[in-house]
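Everything on this sheet refers to the single structure shown next.
The values are calculated or read from the model by the stated rules, or taken from the named source; none is laboratory data. In this text the structure is predicted, and so the values were computed from the model without any measurement. In this analysis, Cβ positions are derived from the backbone assuming ideal geometry, glycine residues included, and neighbour counts consider all displayed protein chains. For accessibility, only protein heavy atoms count, side chains too; no ligands or nucleic acids. Shrake-Rupley method; radii C 1.70, N 1.55, O 1.52, S 1.80 Å.
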Amino acid sequence: MKAIACLLQLAAWIGCGLVPPALAAGAPAPTLQASAMQVLPRQGKVSYALAHGADGFVVGQVLHTWEHDGRNYRMQSVTETTGIAALLKPARVVQSSQGEVSAAGLRPKEFRHERVKGLDTASFDWTRRVVSYAGQEDKIVAGTQDMLSMYYQLVLLGLKSGALEMPIATGRKLESYRVEVLGEEVVTVPIGKRRTVRLKTRGSGGDSIEVWIAPELRGLPVKIRFTDRKGEIFDQNMQEIAVQDKP
């Protein structure tokens, strides 16, 4: 039951995926190469097994889907409990993001975070440079992302060293996250051994996410580890991947 409670707490925070690279507040966004969007396949689907604790007890699954045409994008993440966890306490979290593709990468317009307890949204107005959420507005800078688009922005930026800051709209607040590159590492997941670059990010609340991205898989994450402020750990391990580059 503790694992189920932790999963529900996790579901309130993420829709599961990858962690952002970042921009220092007020700093200009990096300009991507013209071929940057070729790194991210035009269509894709990635599934992950969601495991809790050091024993790796599987409590759920995560499915990411996306599509883009080089000008606009749509993406969705669905997290659900499975097996015994689903019988004891079914939970489902859906995140979606849509927006434009710019010279600096993804530029979200609308973000939705749906869960059992309600719905959070964020709307971006890039003309006025503000994001609206929970009945209020905040100023944004180039490179600001939402809780889902940030994962794919990381794919596009392809960090290999150093650390960055990025503003993230969660639907409840606008917060700055710091991401640092920890180095290269070989990890074993259900799809096999993969050479990866390991990243770690922290928010102001004490939570952290580690991401292992695989250059050979177009920079997509093969493993994601979420650790909450109490030390509870959830791992997402890639099970299947299907991508398509043709429109």
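Remarks
- Some residue of the range 151-164 being within 30 Å of Ala49 (Cβ to Cβ), at pLDDT 90 or above and assigned to a strand (DSSP E or B): no
- Residues satisfying the stated conditions in the range 188-209, i.e. modelled with pLDDT of 90 or more and touching a Lys or Arg at 6+ places or on another chain (Cβ under 7 Å): Val189, Val197
- Across the range 45-83, the qualifying residues are those that are of a type in the set (Lys, Arg) and assigned to a strand (DSSP E or B), and the one among them that is least open to solvent (accessible area, probe 1.4 Å) is Lys45.
- The residue pairs whose first member lies in the range 104-131 and is under 17 Å from Tyr151 (Cα atoms) and in a loop (DSSP other than H, G, I, E, B), whose second member is open to solvent by 70 Å² or more (accessible area, probe 1.4 Å) and modelled with pLDDT under 95, and whose beta carbons are closer than 9 Å, counting only pairs six or more residues apart or on different chains, are Ala104/Pro28; Ala104/Thr31.
- Any chance Ser102 is touching a Ser or Thr at 6+ places or on another chain (Cβ under 6 Å) and either surrounded by 15 or more Cβ atoms within 10 Å (Cβ to Cβ) or over 25 Å from Phe226 (Cα atoms) (or both): no
- Inter-residue pairs, beta-carbon under 7 Å, first surrounded by fewer than 15 Cβ atoms within 10 Å (Cβ to Cβ) and in the range 173-199, second assigned to a strand (DSSP E or B) and among the acidic types (Asp, Glu), 6+ apart: Arg195/Glu184
- Scanning the range 84-93 for residues that are touching a residue at least 40 places away in the same chain (Cβ under 8 Å), open to solvent by less than 60 Å² (accessible area, probe 1.4 Å) and out of contact with any His (no Cβ under 8 Å at 6 or more places or on another chain) yields Ala85, Ala91.
- Test: residue in the range 84-98 that is out of contact with any Lys or Arg (no Cβ under 9 Å at 6 or more places or on another chain) and assigned to a strand (DSSP E or B): no
- Any hit, the range 194-208, residues being closer than 21 Å to Val94 by Cα and assigned to a strand (DSSP E or B): yes
Residues checked against (1) more than 21 Å from Val243 (Cβ to Cβ); (2) modelled with pLDDT of 90 or more:
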site: Ser35; (1), (2): no, no
site: Trp66; (1), (2): no, yes
site: Val78; (1), (2): no, yes
site: Pro90; (1), (2): yes, no
site: Val93; (1), (2): yes, yes
site: Ser97; (1), (2): no, yes
site: Leu106; (1), (2): no, yes
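- Residue within the range 210-227 that is surrounded by 15 or more Cβ atoms within 10 Å (Cβ to Cβ), assigned to a loop (DSSP other than H, G, I, E, B) and at pLDDT below 90 present: yes
- The set of residues in the range 140-195 being among the polar types (S, T, N, Q) and more than 19 Å from the chain's Cα centre (by Cα) consists of Ser161, Thr188.
- Scanning the range 136-164 for residues that are open to solvent by 50 Å² or more (accessible area, probe 1.4 Å), under 15 Å from Glu210 (Cα atoms) and not aliphatic (A, V, I, L, M) yields a total of 2.
- Residues that are more than 25 Å from Val39 (Cα to Cα), hydroxyl-bearing (Ser, Thr, Tyr) and more than 14 Å from the chain's Cα centre (by Cα) are absent from the range 207-219.
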